[in-house]
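One structure is given here, and the rest of the page talks about it.
The values are calculated or read from the model by the stated rules, or taken from the named source; none is laboratory data. Please read these numbers as outputs of a predicted model, since none were measured by experiment. Positions of Cβ are generated from backbone atoms using ideal geometry, with glycine treated the same way; all protein chains shown enter the neighbour counts. Areas reflect the complete protein model, heavy atoms only, side chains present, ligands, DNA and RNA absent. Shrake-Rupley method; radii C 1.70, N 1.55, O 1.52, S 1.80 Å.
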Amino acid sequence: MSNSTANLSREQLGLIFITSMGGFLELYDFIIYALMAPYIADQFFPGHDTYTSLLTTFATFSIGYLVRPLGGVVFGHLGDRFGRKPVFVATVLVMALSTFLMGCLPTYSQIGIWAPLMLVFLRILQGFSIGGEIPGAMTYLSETVHQRRGLVVSLLFSALTNGILFGSLVNAFMLWWLPENSMQEWGWRVPFWLGGTLGICSYIVRKHFQESGLFLQLAKHKTRSAVPLVQLLQQHRRKLLAGVLLAAPGASSITLLFLFTPGYLTKMLNYPGSDVALAGGIGIFFTSLVTIVAGHLADLLPVRRLLFAAYGFIVLFSVPVFYWYETGADVYRVMLFSGLMVGSLTGGLLTLSILFPVIVRYSGIAFCYNAGYALFGGLTPVIAMALIGWSDNLQAPAWYLMTSGGLGLLAAWKLPALHNTNSALSSSPK
């Protein structure tokens, strides 16, 4: 049995699970802050104008999102210079502590302007650490588990997707468990304490990880790069551009189809909020299952072929999805179809994990992943609303999603390295 089809051992599955926990918490933190936004607005940004208060709260949220590329550059440099393990341990610790402390902050009524300032600072720390977390997980797993790399990467991103689902479930439980006044006073803190505690547990386990064997070879032969980012920009510019474009469809699709649509469907198309919430949860869970299937296929079929199929799927069905919504289609069926679209994109993430040589891998993945998600994920809701306003067409967000799929197709077509992707998957990358 070849490396590409060999079964994963129990120890390797445990390693994948623990490694994925940080990514799971990243998406949990992402959705919890958004779901707790009304309470955070009241406690940290009080004002007579509810719109302004909420807008300030979401602006603070966006700050954490926008510093991710900087965190990716810094932690990528450190990971390529000093090892995957110490940086990988540090990112989850910083994320856990900042999340836990966010639940402990005094409010504006208690200490005034210092309360929102501390909230902004902790949000920056979260975004900074997250910028190194997912690229670190991709790098570490790609260098530690050498067989079934498609399945390994898909399990990691399945955990990420389920972080959104877990956040939604925690929010639903809190609203069921506590009355509104208790949520307002202290209940909103509990999800942050939960996320921080889980992160600290992940940190304790990660301390016992072994360093990546491929990185140890670099250290032994003294071939580490002095400034990995400079080497990337000098020798791998084409791969960097392709990597950002490969990440674009995933970043825009999950943001547009699952994070933008709840407000879009309830506020603009008058879908029942309870149906949208339940359908979204089911769609996200289905996405995580499709992700694993796509990863399995990536171990059996040429990855380049899978990229063409997945990105082509996005291009062909972006407009139909929003047409179905506007014409009152069953929200559950469309959310399931959306899960099929998003989950099929695993091949692009797998390609990022083997696109760069070991000497600059952490930095390369961090740059592409964070730049792709900051540019095409962070700006998606704003661009979608702008397209609707400019065109007076409620299907206009589909144009943006279709464009991102086209960019992914262009990258898959133009990148010569993808011709040999499967040979790289079946051996230890150099």
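Couple of notes before you dig in:
- For residue 356, the criteria (1) buried (at least 24 other Cβ atoms within 10 Å of the Cβ); (2) in a loop (DSSP other than H, G, I, E, B); (3) in contact with a Phe, Trp or Tyr (Cβ under 8 Å, 6 or more places away or on another chain) hold in every case but one, which is (3).
- Inspection of the range 136-145 finds no residue satisfying the criterion of being in contact with a Phe, Trp or Tyr (Cβ under 8 Å, 6 or more places away or on another chain) and open to solvent by 30 Å² or more (accessible area, probe 1.4 Å).
- Answer from 52, 91, 57 - the residue that is open to solvent by less than 10 Å² (accessible area, probe 1.4 Å), part of a helix (DSSP H, G or I) and at pLDDT below 85: 57
- Residue satisfying condition, being assigned to a helix (DSSP H, G or I), of a type in the set (Phe, Trp, Tyr) and surrounded by fewer than 17 Cβ atoms within 10 Å (Cβ to Cβ), within set 311, 362, 332, 325: 332
- Meets criteria (touching a helix residue (DSSP H, G or I) at 6+ places or on another chain (Cβ under 7 Å), closer than 30 Å to residue 139 by Cβ, modelled with pLDDT of 90 or more and open to solvent by 50 Å² or more (accessible area, probe 1.4 Å)) for residue 340: yes
- Applying a threshold of 8 Å to beta carbon distances and a minimum spacing of six or more residues, or different chains, the list of pairs starting in the range 99-119 at a residue that is over 18 Å from residue 191 (Cα atoms) and ending at one that is at pLDDT 90 or above and open to solvent by 90 Å² or more (accessible area, probe 1.4 Å) reads 115/108; 116/108.
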